[in-house]
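The values are calculated or read from the model by the stated rules, or taken from the named source; none is laboratory data. In this text the structure is predicted, and so the values were computed from the model without any measurement. A quick note on method: Cβ atoms are made from the backbone with ideal geometry, for glycine too, and the neighbour counts reach across all protein chains shown. Calculation scope for accessible area: heavy atoms of the full protein, side chains included, ligands and nucleic acids excluded. Shrake-Rupley method; radii C 1.70, N 1.55, O 1.52, S 1.80 Å.
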Amino acid sequence: MKRTLLLAATALATAALTTTSFAQSGNDGPRTAPPTLTGVQWHAHTVTVDGVTHPVPKGSRAGLMFDDDKRTFTGHDGCNTIWGKARLDADQSAITFDTEYASTLIACDPPDHVDVPTGTYEARVTASTLTLTGPDGHVITLRR
């Protein structure tokens, strides 16, 4: 009987300590992986230039996809397929687009497209939105 009580007391004490340290660790539930911007097809939603936000026309194919392993991007500017090199910071807070990229040369009418980014852009990613802020202050908002 004493042994059973001792085992029960030890189990309760262990459970109490585990619960206390679990609660103190700030873990309030299952953790989910942080959102990622690689391997996702991002569709252009808005482009902000000189403080004026322009919606991307409905039905536009403009968008980007990043491959961090290959350090590349592929996409569509709304008229032409585009691809080139892009380096992501380790924490995915910035993307540097090389100044040279390739593009198909389709002559679209009207010539409605999103300019291909070059230079380093600040990147903010949530579960459904990627916001790229360029060195010139221009902002491209993309959605899954």
Quiz item: Can you tell me which residues in the range 86-142 are modelled with pLDDT of 90 or more, under 15 Å from His43 (Cα atoms) and touching a Lys or Arg at 6+ places or on another chain (Cβ under 9 Å)?
Solution: Ser128, Thr129, Leu130, Thr131, Leu132
Exercise. Would you point out which residue out of Asp98, Asp109, Asp136 is part of a loop (DSSP other than H, G, I, E, B), open to solvent by 30 Å² or more (accessible area, probe 1.4 Å) and more than 24 Å from Asp50 (Cβ to Cβ)?
Key: Asp109
Quiz item: Looking at (1) without any contact (Cβ under 8 Å) to a residue 12 or more places away in the chain; (2) in contact with a Ser or Thr (Cβ under 7 Å, 6 or more places away or on another chain); (3) among the β-branched types (Val, Ile, Thr), which is the one condition that is false for Thr99?
Solution: (1)
Quiz item: Does Thr32 satisfy being farther than 27 Å from Gly137 by Cα, open to solvent by 70 Å² or more (accessible area, probe 1.4 Å) and either part of a helix (DSSP H, G or I) or modelled with pLDDT of 90 or more (or both)?
Solution: no
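Keeping to the range 44-63, report how many residues are of a type in the set (Val, Ile, Thr) and outside any strand (DSSP E or B).
Total meeting the criteria: 1.
Among the residues of the range 117-130, which ones are within 19 Å of Asp77 (Cβ to Cβ) and surrounded by fewer than 18 Cβ atoms within 10 Å (Cβ to Cβ)?
Listed by number, the residues that qualify are Thr118, Gly119.
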Quiz item: Is it the case that the range 77-85 has a residue that's of a type outside the set (Phe, Trp, Tyr), at pLDDT 90 or above, within 12 Å of Leu37 (Cα to Cα) and open to solvent by less than 30 Å² (accessible area, probe 1.4 Å)?
Solution: no
